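One structure is given below, encoded as structure tokens.
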Amino acid sequence: AQDAGIYEFTMHATGDVVKARYTYTYVFEDNQWKIAHHHSSVMPEGIDIATPITEDEVRGLFHLWNDALATLDSDAVAKRYAKEGVLLPTVSDTPRTDYDGIKDYFDAFLLKKPQGVILESNVMIGTNWCQDAGIYEFDLLGDKVKARYSFIYKYEDGEWKIAHHHSS
């Protein structure tokens, strides 16, 4: 005998509900039905699938951040960072590890009306993360400043966010 279908489990510790496919194959042995084979697998909808991104799209993520800088709105810039994003900024020795700290840094930095351009970019792509590292240059009220940078992005809440940003 065989049975196949879909079932749900509620995990007692967390309350999470997991939906899965199942297959049971039974054999009649020693006057009773016994499970000869059981297979269970999570439904594809329940699996985090890699969100595709190209190298050019990774490089384009810088422009979203740079465009946020152009608004001179520290809130718009800080919202480009992931919920647990980290900013290691060029002109501060204080790591910024939350929205308030990141916004605070940009409150001051945006007074210089920064606009950046990437001079050299090196991209790596993984499953729901990507990295762009290289050299960029900023115009700060007419002064040009070159710096090394690294942006690590993660796919969070339906969009690419900055998980880690180091500039020096």
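The values are calculated or read from the model by the stated rules, or taken from the named source; none is laboratory data. The structure displayed is predicted, hence computed values, not measured ones. Positions of Cβ are backbone-derived with ideal geometry, glycine not excepted, and every protein chain shown enters the neighbour counts. These area figures cover heavy atoms from the full protein model, side chains too; ligands, DNA and RNA do not enter into them. Shrake-Rupley method; radii C 1.70, N 1.55, O 1.52, S 1.80 Å.
Data for the structure
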| read-out | value |
| --- | --- |
| Of VAL145, PRO95, GLY5, farthest towards positive along the dipole that unit charges on Lys, Arg, Asp, Glu beta carbons give the chain | VAL145 |
| Distance (nanometres) between label positions extended 7 Å along Cα→Cβ at THR127 and LYS83 | 2.0 |
| Residue-normalised accessible area of the chain, given per residue in Å² at a 1.4 Å probe | 62 |
| Sequence-separation-based contact order of the chain, relative, with Cα cut under 8 Å and 6+ spacing, percent | 16 |
| Relative pair counts by distance (%), Cα atoms of the stretch 102-160, 5 Å bins | 4, 16, 18, 20, 21, 14, 6, 1 |
| The chain: angle of helix 55-70 to the longest principal axis, Cα-based, in degrees nearest 10 | 50 |
| The chain, dipole about Cα centre (Lys/Arg Cβ +1, Asp/Glu Cβ -1), debye to the nearest 20 | 300 |
| Accessible area in the full protein assembly, largest first, 1.4 Å probe, for SER40, SER167 | SER40, SER167 |
| Cα Rg, Dmax, the stretch 1-41, angstrom units | 13.3, 40 |
| Gain in span if fully extended, HIS12 to GLU137, counting 0.36 nm per residue against the direct Cα distance | 39.7 nm |
| Paramagnetic reach from GLU159 in the stretch 73-88 [backbone N under 13 Å; point 7 Å along Cα→Cβ] | 75-83 |
| Structure-based [θ]222 nm, the chain - -39500 (n - 2.57) summed over DSSP H runs of at least 4, per residue, nearest 500 | -5500 deg cm²/dmol |
| For q = 0.14, 0.24 Å⁻¹, Debye-computed log10 I/I(0) when each Cα of the stretch 56-152 counts as one equal scatterer | -0.50, -1.54 |
| Quarter of the Cα convex hull surface for the chain, i.e. its orientation-mean projected area (nm²) | 14.0 |
